[in-house]
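The values are calculated or read from the model by the stated rules, or taken from the named source; none is laboratory data. Since we're looking at a predicted model, the values are computed, not measured. As a convention, Cβ positions derive from the backbone with ideal geometry for all residues, glycine included, and neighbour counts pool all protein chains shown. Ligands, DNA and RNA are stripped out before the accessible areas are found, and what is left, the full protein with its side chains, is counted by its heavy atoms. Shrake-Rupley method; radii C 1.70, N 1.55, O 1.52, S 1.80 Å.
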Amino acid sequence: MANIYDEINHKYYRNGKEIPSITEICNPISFERLDALQKAMVERAKERGKRCHELAEEYLLLGEFDTEEIEAEYFPYIQQFVLWVKTYRPKVLFTERRLFGKDFCGTLDLLCEIDGKVINVDYKFTSAIDKKSLSVQLEGYDRLAKENSIHIDESWFLHIKKDGFVFKPITKDSEWFDILLKHNIKMKEKYNGK
C-alpha cells in the first residue's frame, strides 16, 4: 500500500487515490469559512503557522536554532514556544508525524510525555482559537493515532501568541467529527464518483 503526501498542495494519497485530511474534514466549521476574513489575512496566518511549525519542530529535535535565520515577524511566537518547552519540558516521542488511516489522514504536531502522560499537542500560532473546530480536529487525530496503534492519554492545544501562550486540554467532539467525515465522503462520491 503506497502512502504519499503532496506537501505543495497539502494532499494525502493511498495507492493513487486522494484521502481527505482532518483539516479538510473540519473545514466547514473552521474560521476559514467566514467571508468577513480577508483572503490576504488568511494566507498570512497560514504562512505564519507553516513557518512556526517548522521552527518548533527544529527546536524540539535539535534543542536550538539559528536565531539569525528566524524572520523577525515570527520571532515573538518562537520565543513563546521555547518558553513553553522550558516550562513543561515535554519528552518528545515524535513531531510532525503524518498518519494514514482507512478513511482519512493527518499530521500530528507533537506527541510527547509530560508528567508521565502521553499527550497529543496541537499548536496554533494564531490570534484566536476556534475551539469547536479544534475539538473536532483533535478527535480526528486521536482516531488516526488509535488506528496506527499509537497510544494517547490526553489531547491538548497549545495556543501561541506574540505575548504568551495558553496550554489546555480539550474535550474532543466525536459527534461532529462523524457528521463532517460522512459529509466529506458523500461530497467526494457526488462530485468524483465512488
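What to note about this one:
- Computed from the C-beta positions of Gln79 and Lys46, the FRET efficiency with R₀ = 22 Å rounds to 0.55.
- Each stretch of four or more DSSP H residues adds -39500 (n - 2.57); spread over every residue of the chain, this sum gives -13500 deg cm²/dmol at 222 nm.
- Portion, in percent, of the accessible area of the chain that falls on carbon or sulfur, probe 1.4 Å: 49
- Heavy-atom accessible area per residue - segment 73-194, 1.4 Å, Å²: 52
- When the square roots of the Cα gyration tensor eigenvalues are ordered a ≥ b ≥ c, the ratio a/c for the chain is 1.5 or more and a/b exceeds b/c, which makes its shape prolate.
- Segments 45-51, 123-129, 2-8, 147-153 sorted - mean Cβ within 10 Å per residue, highest first: 123-129, 45-51, 147-153, 2-8
- In straight-distance terms, cross-link reach from Lys124 covers every one of the lysines whose alpha-carbon lies under 17 Å from its own, apart from those fewer than eight places away in the same chain; here that gives Lys46, Lys50, Lys132, Lys161, Lys162, Lys168, Lys172.
- Taking Lys and Arg as +1 and Asp and Glu as -1, the other residues whose beta-carbon sits under 13 Å from that of Cys112 total -4.
- Our coupling estimate for segment 68-82, obtained by passing each phi through the Karplus curve with A = 6.51, B = -1.76, C = 1.60 and θ = phi - 60°, is 6, 8, 8, 4, 4, 5, 9, 4, x, 5, 5, 4, 5, 5, 4 Hz, Gly and Pro reported as x.
- Compared with the alpha-carbon gap, the fully stretched path from Asn15 to Glu96 is longer by 26.9 nm at 0.36 nm per residue.
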